[in-house]
1. Would you mind stating whether residue 129 is within 18 Å of residue 244 (Cβ to Cβ) and in the same structural domain as residue 215 (by TED's automatic domain parsing)?
2. Evaluate the following for residue 158: is it crowded, with 17+ Cβ neighbours inside 10 Å and either over 30 Å from residue 133 (Cα atoms) or among the aromatic types (Phe, Trp, Tyr) (or both)?
3. Go through the stretch 58-89 and give me each residue that's surrounded by fewer than 13 Cβ atoms within 10 Å (Cβ to Cβ), in a helix (DSSP H, G or I) and free of Cβ contacts under 8 Å to residues at least 12 places away in the same chain.
4. Restricting attention to the stretch 218-239, which residues are of a type in the set (D, E, K, R) and either in contact (Cβ under 8 Å) with a residue 40 or more places away in the chain or over 17 Å from residue 200 (Cβ atoms) (or both)?
5. Tell me which residues, restricted to the stretch 64-123, are small (Gly, Ala, Ser) and within 17 Å of the chain's Cα centre (by Cα).
6. Tell me the residue from 173, 250, 218, 183 that is closer than 30 Å to residue 288 by Cβ, modelled with pLDDT of 85 or more and in contact with a His (Cβ under 9 Å, 6 or more places away or on another chain), please.
7. State all residues of the stretch 150-176 that are without any contact (Cβ under 8 Å) to a residue 12 or more places away in the chain and closer than 21 Å to residue 85 by Cβ; if no residue qualifies, say none.
8. Of all residues in the stretch 218-230, how many are crowded, with 19+ Cβ neighbours inside 10 Å and assigned to a helix (DSSP H, G or I)?
Amino acid sequence: MEARLDTTTNAGQILAAASGGRRRLGDRVFSNLSVAAAVTILALLGGVAFFLLIEALPAVEASPSELPGDRSLIDYVAPLVFGTVLAATIAVLIAVPLAIAVALFISHIAPRRLVLALGYMVDLLAAVPSIVYGLWGIFVLGPAAVGPMEWLEAKLGFLPFFEGPASATGRTMLVAGLVLAVMILPIVSAVSREVFLQVPRAHLEAAQALGATRWETMRIAVLPFGRSGVISASMLGLGRALGETVAVAMVLSTSYEISGHVLTPGGNTIAANIALQYGFAGTIGIDALIASGMVLFVITLVVNMSARLIIARRREFSGAD
C-alpha cells in the first residue's frame, strides 16, 4: 500500500513539474465550471427564498379581515401545514417499508431472469402522471377503502386517529396518504435498490460463511451498508409527498380545520390549496398563498437538512474496506 501511494505521489509530482507547476487548462476550466454551478444553485435557492419572503410580506402585515376566511395568517396556514405533514407522514410510513422490501427482493432474492422485468415494472410507476393517480384514488381506491375504514372505526375507534364517523365516499386523509405512498414508492425503491446492489461481495460471503440465513445476511450485511442510501431515498420520497398537488387536490374533500381523524372527510395541504385557490384569489389572497408556499419551502429545507445530518452521523460505516 505504501509503495503504491509513493508511486502515485511521484507521478503527480512529475506531471506537475512537467507543466511548470501549473494546472492544465482542462483542470482549470472544469474547476471553474464546478464552482460556477455550485454558486448558481445557491443563488437560485436564495432567489426563490427572497421572492417568497418579499411577496408574502403584505399577507404577514394584513389584518385578519383582509385575509381569506377572516382569519389571521397563522390560523390560515396552520391547518394546511398540519394536513401537509399528516398526508406525507402516512405516505412515508406505508411506502418506505414496502419499497425497502421490494428493493431487497429485486436486488438479492428474485431470480435473475425476473430482475429486469420487475425493475421496469416498479420504475414505470414513477412515469404515471399525477392526475392519473388522482383519478385512480377518487374512483377506485376511495370507494374500495370504505369497507376497511369502517372496520378500522369499529375495531380501533378508541384511538384518536381512527375515530369516526368513517367517510362513505373515501375522500379522506388516509386515502390521500395511500395515493401518495404509491406515488413515492418507485422513487424510494429505485434508489434503495441501487444502494443495495453496491454491497461488497465480501460482506455477503462473510455473512454466509458464518452460517447466516438469507434474512440474517440482509439484516447484518445489506441493510447496515445501505442505511444512508435508504435515508436519502426516504427523504426524496418525503419531498415528493410534501409537494404533491393534483392527486391530493382531487382525492381530498377539502376543509380548513386541524383534525387528526384520518377516516373522516376533510383535510387540505399547502400545495393542493395553492392549486385550487390561485385562480380565484384576490391580490391579498395570492399573497397569503405565497406565504403558505414559503412555509412549505422552509419545511422542505428543514427535512433535507435533517436528512443530511443523519447521513453525516452514519458516514463512518461505508463498507468500503
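The values are calculated or read from the model by the stated rules, or taken from the named source; none is laboratory data. As the structure is a computational prediction, the values presented were derived from the model and not from experiment. Note that each Cβ is placed from the backbone with ideal geometry, even for glycine, and that neighbours are counted across all protein chains shown.
1. yes
2. no
3. Residues satisfying the conditions are 61, 65, 70, 74.
4. 227, the sole residue that qualifies.
5. Residues satisfying the conditions are 83, 87, 88, 91, 95, 99, 103.
6. 173
7. The answer is 159, and nothing else.
8. Just the residues of the stretch 218-230 that are crowded, with 19+ Cβ neighbours inside 10 Å, to begin with: 218, 221-222, 225-226, 228, 230.
From what is left, the residues that are assigned to a helix (DSSP H, G or I) are 218, 221-222, 225, 228, 230.
The number of residues fulfilling the criteria is 6.
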